[in-house]
1. Compute the acute angle (0 to 90°) between the alpha-carbon long axis of helix 104-117 and the principal axis of greatest extent of the alpha-carbon atoms of the chain; round to the nearest 10°.
2. How big is region 56-162 along each principal axis, measuring the range of its Cα positions in Å and listing the largest first?
3. Per residue of region 57-65, what does 6.51 cos²θ - 1.76 cosθ + 1.60 with θ = phi - 60° give for ³J(HN,Hα)? Whole Hz please, x for Gly and Pro, Karplus curve as stated.
4. Mind putting together the pair-distance distribution for region 1-73? All Cα pairs, 5 Å bins, whole percent per bin, short to long.
5. With springs connecting C-alpha atoms under 10 Å apart, model the chain as a Gaussian network and identify which of Glu55, Glu95, Glu151 has the largest mean-square fluctuation.
6. What does the net charge come to around Leu74 if you take all other residues with beta carbon closer than 12 Å to its beta carbon, with K and R at +1 and D and E at -1?
7. Taking θ = phi - 60°, what integer Hz values does the Karplus form 6.51 cos²θ - 1.76 cosθ + 1.60 yield along region 33-45, in sequence order, with x for Gly and Pro?
8. Taking the chain, how many lysine pairs are there with alpha carbons less than 22 Å apart, if each pair must be eight or more places apart or span two chains?
Amino acid sequence: MPEYSFDVVSEFNAAELTNALDQARREVGTRFDFKDTATVYDQRDEMIVIESASEDRAKAALQVLREKAARRQLSPKLFKADDPKTVGKGRGQIEVRLNAGITEDIARDLRKRIQNVSPKLQVRIQGDQLRVVSKDKDTLQLVIKSLREAEDIPVPLQFTNYR
């Protein structure tokens, strides 16, 4: 009897993130409410630093980035923003960590959730991804549906290598 499987991963398309950042920079540069705020998006590896004239403008710039990312199919869970803080001359700054990757704790939690759907499923943790194997395609579809609907999973999930 054939076996069907898929992988659960948490990653993001770096090119789409770059495009979203470019679009956000363009919009902030042309919007009237950002005039003379010198708003900057600075990407450093797994962190984006947003700096603007005030904390409120920095929050608004973060919202612009989230909107642009959503249009490019990047999950809102990808952006884990710290609280805004004031830096030199009253400028507001927000550090946004890119929240991708499945840690061991998250992998164990996902394994429990998947086993709750059907105890017959085989779940293997392979580094930063999970392989889910079943003899029934419908059960795999139920697993994907339940993981997509779970709001309390802290990272964005993708389902790849569906066989």
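1. Helix 104-117 sits at roughly 50 degrees to that axis.
2. Principal extents (largest minus smallest coordinate, Cα): 62, 27, 20 Å.
3. Rounded to whole hertz, the list is 5, 5, 4, 5, 5, 5, 5, 4, 4.
4. Once binned at 5 Å, the Cα pair distances of region 1-73 give 3, 15, 24, 21, 13, 7, 4, 4, 3, 3, 2, 1, 0, 0.
5. Taking springs between Cα atoms under 10 Å, the residue moving most is Glu151.
6. Its environment carries a net charge of +2.
7. 5, 9, 5, 6, 9, 6, 6, 10, 10, 10, 9, 10, 6
8. The result is 23.
Any read-out appearing in this document is the output of simple, stated calculations on the displayed coordinates, not a laboratory observation. Note that this is a predicted model, so its numbers are computed, not measured. Note that we place each Cβ from the backbone using ideal geometry, even for glycine, and neighbour counts take in every protein chain shown.
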